[in-house]
Structures are given as structure tokens and as C-alpha cells.
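Asker: Take a look at the following structure, please.
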Amino acid sequence: MPRLPRHIVWPAAALLTAALALAWKPLANAAERRERPPAISIAELGSVAGRATFSAARPKQPLIVWLEREGGELKGKIEPPLQIGQKGAVFTPPFAVVVLGQKVVFNNDEDKEIDHNVYMLGAEKKDHGIFAKGASVTHTFETTGEVSLYCSVHKLMDGKLFVVPSTAYAFVSDDGSFSIAGVAPGNYTLKTYQKAKRFRDVELKIAVKAGEMTSVAVEMKR
């Protein structure tokens, strides 16, 4: 078979490549649409609100309520990085809630030439080593649950994080009230977390409907 001239072969190859690209693009877009959850308008979102009561004096420690969605969490926007300082050999803030997939930046913001370390125990375990003044380390949290923070350089330096599966959480105020807005419709388990555990944690099955508020009573008992 005679060879085609080069000026004919190259255009043919280019046309074939372009045709394959055009054929692949709709398939790729269709796959992306399947993976991406459908957009939910504000009108389609619900909310959860309620009040926690206590069978004994409540300690002056953070208490949060959070929702775990049956059937798995919907993909949401990743929260911006949380900054935690270490000035004065103290984690600041000493406690924070982190959303799954969120980054936490630990900053050695000391005024003097003081080294720090961050190592974690609990739901995630990691030693980030020792780093000098002005440096920082970043960790992305991929597991829900409580994480304790320590510094191997300063034995009395500690803190805590609690990692939740989504932004559907709230701190319980001093009067026991709480409110969680922007919740996608579905069935959930409402759970509690106490930084200083004094009561039995609560788990309640609830349903969230579009455009409606679900009212919840949480009884914290010894």
C-alpha cells in the first residue's frame, strides 16, 4: 500500500484527536453530573432548634449538638482553614469544632525564640514535629471524633478539637438553647458532645423537612 504524504497524514491524525475529544467531553460531563449532588435552594432547606435541660449543675465547658445524616452526608463547601495560635505556650483557641475535610493551621506565634510541637491523639494520631517561632504546620482532618492536642516541648500545654461530619452543628448556649440552620431535608441522628463529660450523651432520631423547623428537646442526665 503506498504511503500517504505527510501533509495528508498529520491533518487526519489531528481530526481524529479532535473527534475523540468531542466524543469524550459529553461522557465526562455526564459522569461529573452524576457525582455532584443536586443543588439545594434555600427554600428547600430546613432547620433544627431546641433546648437542652440538665439534671444537675452544668459545668462551664463547651457543649455542642450535631447532626449525622442517614444514608451519608451530602457534599458541601469545604470550610476555610482554622488558625490556632501557640503564643504563651497556650493553644488559642483551646477548643474548636472542625468540619470533616477542613484544614487547621497551627502557628508558632511566640514573641521570643521558643520552639513548639503539635502531636494529636484520639480520632486522629499525628506528630508534626518541632517547629520554630514564625513557622506553622497544617493538618487536614479526615476522621470524625475528639482529638486531643499536645506539645512535647511544654508538658502542660494542651487543647481539644471535635471533628463533625458537616456544618450541621451548634454550640448550646448558657440558657440551654441551640439552633442549626440550613439543613438539607432527610433523616438524622442528633448527637451531643461535651468537652468536660458530666452527663450521658444523647442520641435522638429526627426528620428535617424542606422549609420547616424541627423542634427538639434534649435531656442531659447523669
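What follows draws every value from the coordinates through simple rules; no lab data is involved. Note that the structure is a prediction, hence the values are computed from the model and not measured. Heads up, the Cβs are rebuilt from the backbone with ideal geometry, glycines too, and the neighbour counts pull from every protein chain shown.
Asker: Size of the dipole of the range 78-165 about the Cα centre, Lys and Arg at +1 and Asp and Glu at -1 on the beta carbon, nothing else charged, in debye to 20?
Answerer: Dipole size: approximately 60 debye.
Asker: State the answer as a single residue: which of VAL163, TYR150, THR140 lies farthest towards the positive end of the charge dipole of the range 122-164, with beta carbon charges of +1 for Lys and Arg and -1 for Asp and Glu, about the Cα centre.
Answerer: TYR150
Asker: Can you return the lysines within cross-link range of LYS77? Criterion is Cα-Cα under 17 Å, with same-chain partners fewer than 8 residues away left out.
Answerer: The qualifying lysines are LYS103.
Asker: For SER177, SER148, what's the fewest-to-most ordering of other Cβ within 10 Å of each Cβ?
Answerer: Going from least to most buried by this count: SER177, SER148.
Asker: Considering only Cα-Cα distances, which of the following residue pairs are longer than 19 Å: LYS60/LYS155; LYS75/LYS125; LYS160/LYS205; LYS87/LYS160; LYS60/LYS195?
Answerer: Cα-Cα > 19 Å for LYS60/LYS155; LYS75/LYS125; LYS160/LYS205; rest within.
Asker: On to the next question. Along the Cα→Cβ direction, 7 angstrom out, place labels at GLU203 and LYS221. What is the inter-label distance in nm?
Answerer: Result: 1.7 nm between the two label points.
Asker: Here's something else I'd like to know. Could you list the GluC sites (Glu not before Pro) in the range 78-167 that lie in coil according to DSSP, counting only those with at most 11 other Cβ atoms within 10 Å of their Cβ?
Answerer: When the GluC sites (Glu not before Pro) of the range 78-167 are filtered for loop state and at most 11 Cβ neighbours within 10 Å, GLU113, GLU142 remain.
Asker: Which shape class, rounded, prolate or oblate, goes with the range 78-165 when its Cα gyration tensor gives a ≥ b ≥ c as root eigenvalues, a/c under 1.5 marks rounded, and past that a/b bigger than b/c marks prolate?
Answerer: The shape class here is prolate.
Asker: If each of ASP175 and ILE130 carries a label point 7 Å out from its Cα toward its Cβ, how far apart are those two points in nm?
Answerer: Between ASP175 and ILE130, the simple spin-label model gives 5.1 nm.
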